[in-house]
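Asker: Sending over a structure as structure tokens; questions will come in a sec.
The values are calculated or read from the model by the stated rules, or taken from the named source; none is laboratory data. Since we're looking at a predicted model, the values are computed, not measured. With ideal geometry, Cβ positions are generated from the backbone for all residues, glycine too; neighbour counts draw on all protein chains shown. For accessibility, only protein heavy atoms count, side chains too; no ligands or nucleic acids. Shrake-Rupley method; radii C 1.70, N 1.55, O 1.52, S 1.80 Å.
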Amino acid sequence: MNRQRIIWLVIFLVGAAALKVLLPFPQEQLHPSVVPEPVMLIGGFVVTNSLLITLVVDLLLILTVIGATRRLSLVPGGLQNAMEITLEAIMRLVRQTVSGDEKRIRWFFPFVITIFLFLVPANLLGLMPGFGPLGILHYDRPDQHTPQGVTPLLDLPASSVFQVPPELRAVAQQEEAKTSSEAEFVPLFRAPSSDLNTTLALALVSWVMTQFFGFRHLGVLGYLRKYFVFDKLRRGIGGLFSGKTKGVGGMLVFGVIDFAVGILELISEFSKVISFTFRLFGNIFAGEVVLLVMAFLFPLLPLPFYGLETLVGVIQAFIFAILTLVFMTGATTPAHGAEEHH
Amino acid sequence: MDKLGVSLPWLIAQIINFVILLLILQRFLYKPLLNMIEKRRSEIANALANAEKVRQEAAAKQMEFEKQLEAARREAQEAIARATAQSEKVRQEIVARANEEAAQIKAKAMADADYERRQAMVELQAQVAELSLAITRKVLAGGAINEMAHRQLVQQFLSDVERA
């Protein structure tokens, strides 16, 4: 990357930050909604603003793919080099975690890297200018007026895909919208990660694949043995019946403990979905709320938080990917008791 | 779940989106790039191995050259030494011959000188005899002469001769 490109990049970033910080925003945005707002109606399918941006993320990634692989060469440059560095870094991490097991590297790597590559733009796009203040105004009754601080950018024709009927819009606010004297403002853009559907979808994919790899690698019984631990309990009871009383007491006690721990692990396995979902959503959504509140307090105040949120976005993407890797590795590692019998 | 905005169609849309994205990236990004990285690794390994081979060959060749150079140098040294010895011998011979010749010339010169001297002596004696005859004749023709004068004349004559 030459100096001129770096200068342009810096100008772009600073400009984006300045735009984001200085743009007026609707007062209504001070009540940020957890629910993604429907912004389009395409063939009966309600597209939310976060789904729209998910498609933008897809587009960005596909453009990256094209840019990185258009002129593949042994001496990489630009985008190819950047993507190779990312891939190799994640690959090294995966290799270290599964200690060089080629089969599991092949299994885990696509998930870990795709989660990371998808989440970085998904987390960071919310920091772009236009996220928040740009939106659609819905005039459901003729006497409704434009809310304060909102400048309608264009008049949408009644037949446009952006005209979503009120009954399909934010369910929770429907009653309020009917009685409000102001037109309803719906932001057009929303970072995918500040929508629980996105984070839950990723968590489910990660979790289901973790279980799948666990069963596949250890066998059905081998995997279930991690959570239903009868080994010591069975030996203790067996000892009780055969009359060999020596050490049976300890065996029984530890057997019960092992069994309880196994059940706890089973419960914690399911709780992973929830922690995955809400960790990412909470971090990104809260970051946007913080920026909004700071912008409301004073025009330049969000700047330090802006840098912080950039960091949080990348770190959360990394954490999601790494936790997926760690859970997958854990699921494919045999239980301790089983290992002893091998 | 409704209050949190989670709804099945959106959730499924996101899952499908992720799966499709994964397949696309796997096919068009990870595979080609990882292949490229692998190819580069093997190519670099090859190049390094080649370089090592070439280096070893060069080292072997250099050692051979040095050996040859050393041999050539020794040969040259020997040739010089031989030539020096030869020239010394020749020089000594020449000097010896020159000395000999000089001695011969000197001896011949001495002999010549001796001969000349003797020759001169003989001639001188002859002249002396003739002169004494002439003197005698003169004296006799001149008249009487006493013993004293005679002796004086002879004496004078002899000393003249000696001085000559």
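Asker: Of all residues in segment A:33-55, which are open to solvent by 30 Å² or more (accessible area, probe 1.4 Å), farther than 19 Å from A:Phe281 by Cβ and either within 18 Å of the chain's Cα centre (by Cα) or more than 11 Å from chain B (Cβ to nearest Cβ) (or both)?
Answerer: Within segment A:33-55, A:Leu41, A:Ile42, A:Gly43, A:Leu55 qualify.
Asker: Okay, moving on. Quick check on segment B:47-67. Is at least one of its residues closer than 30 Å to A:Thr86 by Cβ and within 14 Å of chain A (Cβ to nearest Cβ)?
Answerer: Scanning segment B:47-67 turns up at least one residue that is closer than 30 Å to A:Thr86 by Cβ and within 14 Å of chain A (Cβ to nearest Cβ).
Asker: May I pose another question? For segment A:83-102, indicate whether the set of residues that are within 17 Å of A:Ala122 (Cα to Cα), surrounded by fewer than 13 Cβ atoms within 10 Å (Cβ to Cβ), away from every other protein chain (no Cβ under 11 Å) and not hydroxyl-bearing (Ser, Thr, Tyr) is non-empty.
Answerer: no
Asker: OK, next. Could you look through segment A:148-193, keep only residues that are open to solvent by less than 70 Å² (accessible area, probe 1.4 Å) and at the interface with another protein chain (Cβ under 10 Å from one of its Cβ atoms), and pick out the one that is modelled with the lowest pLDDT?
Answerer: Ranking the candidates gives A:Ala170 first.
Asker: How many of the residues in segment A:44-60 are in a helix (DSSP H, G or I) and either assigned by TED's automatic domain parsing to the domain that holds A:Ile284 or among the polar types (S, T, N, Q) (or both)? Walk me through it before giving the result.
Answerer: Taking segment A:44-60 as the starting set, the residues that turn out to be in a helix (DSSP H, G or I) are A:49-60.
So of that shortlist, the ones also either assigned by TED's automatic domain parsing to the domain that holds A:Ile284 or among the polar types (S, T, N, Q) (or both) come out as A:49-50, A:54.
So the count comes out to 3.
Asker: Considering only residues of segment A:194-219 that are within 14 Å of chain B (Cβ to nearest Cβ) and farther than 23 Å from A:Glu309 by Cα, which is least open to solvent (accessible area, probe 1.4 Å)?
Answerer: Step one: of segment A:194-219, the residues within 14 Å of chain B (Cβ to nearest Cβ) are A:194-209, A:212.
Imposing the further condition that a residue be farther than 23 Å from A:Glu309 by Cα reduces the set to A:204-209, A:212.
Working: A:Leu204: 51, A:Val205: 17, A:Ser206: 1, A:Trp207: 47, A:Val208: 75, A:Met209: 41, A:Phe212: 98 Å².
Only one residue fits best here, namely A:Ser206.
Asker: Only one of these is surrounded by 10 or more Cβ atoms within 10 Å (Cβ to Cβ) and more than 14 Å from every other protein chain (Cβ to nearest Cβ): B:Glu38, B:Glu78, B:Glu43. Name it.
Answerer: Numbers: B:Glu38 fails: more than 14 Å from every other protein chain (Cβ to nearest Cβ); B:Glu43 fails: more than 14 Å from every other protein chain (Cβ to nearest Cβ).
Sole residue among the options that is surrounded by 10 or more Cβ atoms within 10 Å (Cβ to Cβ) and more than 14 Å from every other protein chain (Cβ to nearest Cβ): B:Glu78.
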